[in-house]
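Inspection log for the structure reproduced underneath, given as structure tokens.
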Number of protein chains: 2
Amino acid sequence: MVVLRSIIGDELRSRRLVQGRTLRDVSGAARVSLGYLSEVERGQKEASSELLAAICGALDVSLSDVLRSVSDKMARDEQLPRTPVA
Amino acid sequence: MVVLRSIIGDELRSRRLVQGRTLRDVSGAARVSLGYLSEVERGQKEASSELLAAICGALDVSLSDVLRSVSDKMARDEQLPRTPVA
């Protein structure tokens, strides 16, 4: 099972990279540590609601839009078979 | 600003109530404490990815569907003016 924080992390990372921005830039704008943002992006740490909002603010994307993308990705994951198909 | 965990909590609570189920029933099925589920529903505690998945499993709803509803509610909140309109 793919956990939610991994999908959120992937989504935040891809949005940052599309903007051609560095971890340093976005973490500074969001006022979170670079290490924390890096861990969130890699799905290693749960982002609190406030910090998720701050990261989205730093990326100038709406949290609802990020959640929509995350929901879509999770829906695709939920459709996958749980065991390999022969 | 409405924080994400409050919207998630409201959504989980409304889905439980629609099913006519108690905190005790759902917390037992999700293997989380009743107090924890209650705090999550009231937006007082962040649910980890794993526990959010367990609660959705106990409610027999998909996490992607819950996130879709949460995204929609958050989008409506983001449209609201930040200051009262005279």
| message | Under the convention of a label 7 Å out along Cα→Cβ, give the distances in nm from B:GLN44 to the same position in every other copy, shortest first. | response | 3.3
| query | Please state the equivalent ellipsoid semi-axes for the protein assembly as shown: what are the square roots of 5 times the Cα gyration tensor eigenvalues, largest first, in whole Å? | reply | 27, 21, 15
| said: Taking the number of other C-beta atoms within 10 Å as the exposure measure, put A:VAL61, B:VAL26 in order starting with the fewest. | reply: A:VAL61, B:VAL26
| Where Rh is the Kirkwood radius over Cα pairs, Rg/Rh for region A:12-86 | 1.07
| query | Taking Cα pairs under 8 Å and at least six residues apart, what relative contact order does chain B come out at, in percent? | reply | 37
| task | Would you calculate the separation in nanometres between label points at B:GLN19 and B:ASP72, each defined as 7 Å from the Cα along the Cα-to-beta-carbon direction? | result | 1.9
| field | Per-residue HN-Hα couplings for region A:62-70 [Karplus 6.51, -1.76, 1.60; θ = phi - 60°; Hz; x = Gly/Pro] | value | 7, 4, 4, 5, 4, 5, 4, 4, 5
| message | What is the distance in Å between the Cα centroid of region B:24-49 and that of region A:16-44? | response | 30
| message | Going 7 Å from Cα along the Cα-Cβ axis for the label, what nanometre distances separate B:SER33 from the same residue across the other copies? | response | 2.8
| What aspartates and glutamates sit close enough to B:LYS45 to cross-link, taking a C-alpha to C-alpha distance under 19 Å and skipping anything fewer than 8 places away on the same chain? | A:GLU46, A:GLU50, B:ASP10, B:GLU11
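Only the coordinates and a few stated rules stand behind these numbers; no lab work does. The structure presented is a predicted model; accordingly, all values stated were derived computationally and were not measured. Methodologically, a virtual Cβ is constructed for each residue, glycine included, from the backbone with ideal geometry; neighbour enumeration extends over all protein chains shown.
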